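Visitor: To start, I am sharing the structure in question, which I have written as structure tokens.
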Amino acid sequence: MALIDCRFYSETLGLSTSMTVILPQQTRSQIGLQNTEGHGPHPTLYLLHGLSDDDSIWLRRTSIERYVASLGIAVVMPQVHRSFYTDMAEGGAYWTFISEELPQLARSFFPLSGKREDNFVAGLSMGGYGAFKLALRHPDRFAAAASLSGALDLQKTRTSPQLSVIEAAEWDRIFGKAPIQGTDNDLFELLTRLDRAEGEKPLLYQCCGTEDFLYQENLNFREACRKTSLKLTYEEGPGEHEWGYWDAKIQDVLAWLPLKHK
């Protein structure tokens, strides 16, 4: 595998930012690791970080590079700070960045496939929200999306006492003072819209630990999704909001992805 710390300028954000990228590499003599490289542009997993993290966190807290080595898939891990993957009311246009500019830049820098069937997105906590938001708003671009311990019911999460790390003023800077419910930032609204729309719909994978403070919010999303035509794979079990759980579950996500060569 090739590991790239990519620093670049974002026209959308008006600042220099970063993404960490893993690219497939075919090797024959490397000891202890079986690498695979497919033919043509690489299938790509956009892997999103949580609220207190950055683009390096998946690499530092899990063995993601080792897990994808035999899959022939690229992994793009972008930096979005504490934006909730949203065009902030007071701050950067991070939704426009993550949904429009970043994929175009990544494909201009690296040999990544632009085909829907080769593009996937996953994330943890805030990143789980971002992953489902990308797939539900752009089902024509992503074949599958996965949320690990996602902050999926933002209207409830916004008032959760466990999320005191996000003060009311910060929520307002991100989303404004108006309710999230019924807007483009509401995953439940996006589920309803996509259920009524024609065309292909992404496969969804959702998991959450039963001891996680976001467990009830995940149950709420699961029940809403089950009332639609979207195909959801849901898993739960013992686990808290921590990296031991996410390191284990990202392996399940990779096994679940509908890669063409499987």
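Visitor: With a cut-off of at least 2 residues that are among the polar types (S, T, N, Q), name the helices (runs of 4 or more DSSP H) lying wholly within the range 95-180. Break it down stepwise before answering.
Guide: Details: elements: 102-109, 126-137, 154-157, 168-175.
Once the helices (runs of 4 or more DSSP H) in the range 95-180 are filtered for at least 2 residues that are among the polar types (S, T, N, Q), what remains is 102-109, 154-157.
Visitor: Follow-up question, since we're still on this one. Among the residues of the range 56-73 satisfying the criterion of being in contact with a strand residue (DSSP E or B) (Cβ under 9 Å, 6 or more places away or on another chain) and outside any loop (DSSP other than H, G, I, E, B), which is nearest to Asp172 (Cα to Cα)?
Guide: Applying the filter and picking the extreme gives Ile57.
Visitor: When residues of the range 140-163 are filtered for being more than 14 Å from the chain's Cα centre (by Cα) and not aliphatic (A, V, I, L, M), how many remain? Even if it seems obvious, please write down each step before you answer.
Guide: Start the filter on the range 140-163 by keeping residues that are more than 14 Å from the chain's Cα centre (by Cα), which leaves 140, 153-163.
Subsequent filtering for residues that are not aliphatic (A, V, I, L, M) retains 140, 153, 155-162.
Number of matching residues: 10.
Visitor: Moving on. Give all pairs with beta carbons closer than 6 Å in which a residue from the range 169-181 that is closer than 17 Å to Met126 by Cβ meets a residue that is at pLDDT below 95 and surrounded by 15 or more Cβ atoms within 10 Å (Cβ to Cβ); count only pairs at least 6 apart in sequence or on separate chains.
Guide: That search, which allows pairs on different chains as well, returns Trp171/Arg158; Ile180/Leu154; Ile180/Gln155.
Visitor: Related question: For the condition surrounded by 20 or more Cβ atoms within 10 Å (Cβ to Cβ) and assigned to a strand (DSSP E or B), what is the one hit in Val76, Val80?
Guide: Details: Val80 fails: assigned to a strand (DSSP E or B).
It is Val76.
Visitor: Which condition breaks for Lys177 when tested against (1) of a type outside the set (Asp, Glu); (2) surrounded by 13 or more Cβ atoms within 10 Å (Cβ to Cβ); (3) at pLDDT below 95?
Guide: (2)
Visitor: Continuing with this model, one more query. Listed residues Thr44, Thr27, Thr36; which is touching a Leu at 6+ places or on another chain (Cβ under 8 Å), modelled with pLDDT under 85 and under 27 Å from Leu148 (Cα atoms)?
Guide: Values: Thr44 fails: modelled with pLDDT under 85; Thr27 fails: under 27 Å from Leu148 (Cα atoms).
Answer to the check: Thr36.
Visitor: Please work out which one of (1) of a type outside the set (A, V, I, L, M, F, W, C); (2) touching a residue at least 12 places away in the same chain (Cβ under 8 Å); (3) touching a strand residue (DSSP E or B) at 6+ places or on another chain (Cβ under 9 Å) is the condition Glu200 fails and give its number.
Guide: All conditions pass for Glu200, except number (3).
Visitor: So in the range 181-216, with the set limited to residues that are among the hydrophobic types (A, V, I, L, M, F, W, C), closer than 30 Å to Asp247 by Cβ and out of contact with any Cys (no Cβ under 8 Å at 6 or more places or on another chain), which one is modelled with the lowest pLDDT?
Guide: Step one: of the range 181-216, the residues among the hydrophobic types (A, V, I, L, M, F, W, C) are 187-188, 190-191, 194, 197, 203-204, 207-208, 213-214.
Pick out the ones that are also closer than 30 Å to Asp247 by Cβ and you get 187-188, 190-191, 203-204, 207-208, 213-214.
Subset that is out of contact with any Cys (no Cβ under 8 Å at 6 or more places or on another chain): 187-188, 190, 203, 207-208, 213.
Working: Leu187: 98, Phe188: 98, Leu190: 98, Leu203: 98, Cys207: 98, Cys208: 98, Phe213: 91.
Filtering the range 181-216 for residues that are among the hydrophobic types (A, V, I, L, M, F, W, C), closer than 30 Å to Asp247 by Cβ and out of contact with any Cys (no Cβ under 8 Å at 6 or more places or on another chain), the one modelled with the lowest pLDDT comes out as Phe213.
The values are calculated or read from the model by the stated rules, or taken from the named source; none is laboratory data. No experiment lies behind these values; they were computed from the predicted model shown. Cβ: placed from backbone, ideal geometry, glycine included. Neighbour counts: every protein chain shown.
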